[in-house]
Each structure stands twice: as structure tokens, then as C-alpha cells.
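The values are calculated or read from the model by the stated rules, or taken from the named source; none is laboratory data. Everything numeric in this text was worked out from a predicted model, so none of it was measured. Here Cβ is always computed from backbone atoms with ideal geometry, including for glycine, and neighbour counts include all displayed protein chains. Note: areas computed on protein heavy atoms with side chains; ligands, DNA, RNA excluded. Shrake-Rupley method; radii C 1.70, N 1.55, O 1.52, S 1.80 Å.
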Amino acid sequence: MILRFLTILVFLRRVMQRMLRRPRTMYVGDRVAEYRDLWSAAARAIGADFDAVAPAVWEVRSGTRRTRISNDLVEFDDPVVLDLAGDKSFCYGLARGLGVPTPDPLTFGKDELARLIRRFPLDRGPYVVKPAKGTGSGVGVSVAVRSRVELANAVALASVHSQRIIVERLVAAETVRLLFLDGRMIHAVRRRGVRVETDGITSIEQLLARLAPRPMPIDALVRETLRQQGRSLADVPPPGESLVVRWLPAEIESSRELRTVYDQEVTALVSPALVDEVASLLVALGSQFAGVDLLTNDPTRTLAESGGVFLEINTTPGLHHHCTPSADGVACDVAVTVLRRLLDRHAT
């Protein structure tokens, strides 16, 4: 009964947000024009024809080869692979079986949710609460859950979207996405948190106060990020470190439904050992084309070495994370690579 009441409150809050016309998050379905430009530029780059089939659906042809694209959706993985990849509990199980570190997720069914709210131990938090299946782009996800009230609200939000929910420990690290095609990593990006450059004489607290363009307030996210690295504000780190002091960007304060916006290419930083570690997941899943999300502050090392974890597999990865819109119509190399492979495997 309590859970049903909280779920209704979540729904009503969303209705009020729409009525108040608060800024709406842009999701991939809002990017039709951007994807049309991205794919048409890639088609021109390889001398292929590009035609609209339906709204937000296009066909690319080159000789006897052709493929159809629906905005961000392409003809690689079959529906069974897509369904399995969308099941976060299943993918966590794959990772555990391969020895890939995870954030110790626990999955709860709808009949267990009321008991979860009342009795789940919160002393080892903070936690992340999210739907186990059927969502992406941060929908239904609550982070930094510490209190019983926060847990109840997070469970209500997640249960709107899935019959099962996951509770896992929060890993205070930057988000990195590795994009794979046919078992090979072709691009990598990350969402940068807040970093300070250490000099061996200045404390972390002082470095935060000197950050440009403005000082970084010491909030709960800063404290948790430092705690998980065994650091404190009074520490004076050795010189030459690029130290993550807040796992989220400075402008992000919300703890619900955070969509990850990647802002830095890190392809050259990713170690071959980390690539192999992640690729094993896609082999086990049977996916040809996927973006794999990780939490790690150091992609030059494996997850075990950096204290990072595997987060999820996106088998319809949005290429807007990997391609910057071009005003002069220059094709994105990643899109060209993907389109060439699509045409090769869909010859008529």
C-alpha cells in the first residue's frame, strides 16, 4: 500500500513538472535531425545513396548493398540479444561469471519491495536504485540513496518502469563508455567529474578552493568521492596527480534520473587489458555492436586495478555520444566505420 502511494506521488510530480514547463531532458528520440545529418554525411563520405523511407527511418544503398536505419537503431544485433542486454540483472550475472567487477547488485521482485523499504540495511551506503530492465538514459534511477525515506522514494520511482529493481553500492567514479563493433573497440568517451592537479604542497581542500572558474563547494559528493579513494580534505597528495575529487560534474546536483552526457574522448587512454576485459562480456552476450558503460577514474588500468566496475551494456548505443555535429557536413569517422560494416553484412 505504501509503495503504491509513493508510486502515485512520483507520477503526480512528473505531471506537475510538465505543467510548470521545467526544462526537459533531451533523449535520443529528440535527435532525429541530428541523426539524419550524421548518417547522410557518412553515406556521402563512402559514395552511398541516402533516402528517407519513413519519418526518422532511412535507407542507405551502395551498389547491391543496402541497410536501413531508424534514428539511432541499426541492423546488427537480433531481438533476443537486445532483450538480454536490456536486462541489467542478466548482464551483471554475465560479468560475475567472467570475473569482471560489479557494484554488488541485488535484484528484488515486486513482491519484495515493501520489505526492502522497511528492512534493507543502509549502513554501507550510499546506494543506487534502478529498474532492472527496460530503461536507459538514467530513467528511473536514483543515486546517493542513504536514508529510509530516500530508499522509499527511489524504489517507488524505479518500480514505475520495471517489475524488478536493483539496489547496488554507489561507486564514486567517472563514467566511461567503450564502443565496440565486431569485438573491436572503435571509440571511447567519458563524463568527467571534477579533478584537481596536485603539486605535492597543497591540500585537497585548498586545491578545491582554488579551482577555476570558481571554487568547488565541499558537498556530500566530494566527501564520498574522496572517502572511496581513501583520501581526506586535509591530505596533500604527491605532485603530478590528476585527482578526481567529485565523481559528477560541478553543475550536477540532482540525484534522480541523471542522463550521462559524455564530454571527453579517451580512446587513446584505454588499456588493451581493459578492452579485453570488456570484450569478453560482449562475446558471452553475442553482441556485435554495443556501448559498454564502466565506472572508473583510470581507464589505463583494468577494473580490478583501478577499483572500477562494469555498469551496463547498451546494444543500441547512441552515436551522438561519439560524434560531434558538424556545421559543414563533415562525416564522423565513427559513423562511417559503422555504416561500412552495416553495408558489408547486408549485401543483397
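Worth pointing out:
- Among (1) 21.8; (2) 21.3; (3) 20.7, the entry derived from the coordinates for Kirkwood radius over Cα pairs in Å: (1)
- Within the chain, 91 have no other Cys Cβ under 4.7 Å of their Cβ and so lack a disulfide-compatible partner by this rule.
- Under a model in which nothing but the beta-carbon of Lys, Arg (+1) and Asp, Glu (-1) is charged, the chain shows a dipole of about 1300 debye around its Cα centre.
- Packing-based ranking of 36-46, 202-212 yields 36-46, 202-212, ordered from highest to lowest mean Cβ neighbour count within 10 Å.
- Helix 88-98 and the longest principal axis of the C-alpha atoms of the chain enclose an angle of approximately 90°.
- Prolate/oblate/rounded call for segment 287-327, Cα gyration tensor, a/c under 1.5 rounded: oblate
- Highest average packing first - 331-340, 214-223, Cβ atoms within 10 Å: 331-340, 214-223
- In Å², nearest 10: area of residue 161 left accessible to a 1.4 Å probe: 50
- Magnitude of the charge dipole for segment 207-294, about its Cα centre and with charges confined to Cβ atoms of Lys, Arg (+1) and Asp, Glu (-1), is about 340 debye.
- Between segment 56-113 and segment 256-325, the alpha-carbon center distance in angstrom: 14
- The calculated 222 nm mean residue ellipticity attributable to helices in the chain amounts to -10000 deg cm²/dmol, summing -39500 (n - 2.57) over DSSP H runs of n ≥ 4 and dividing by all residues.
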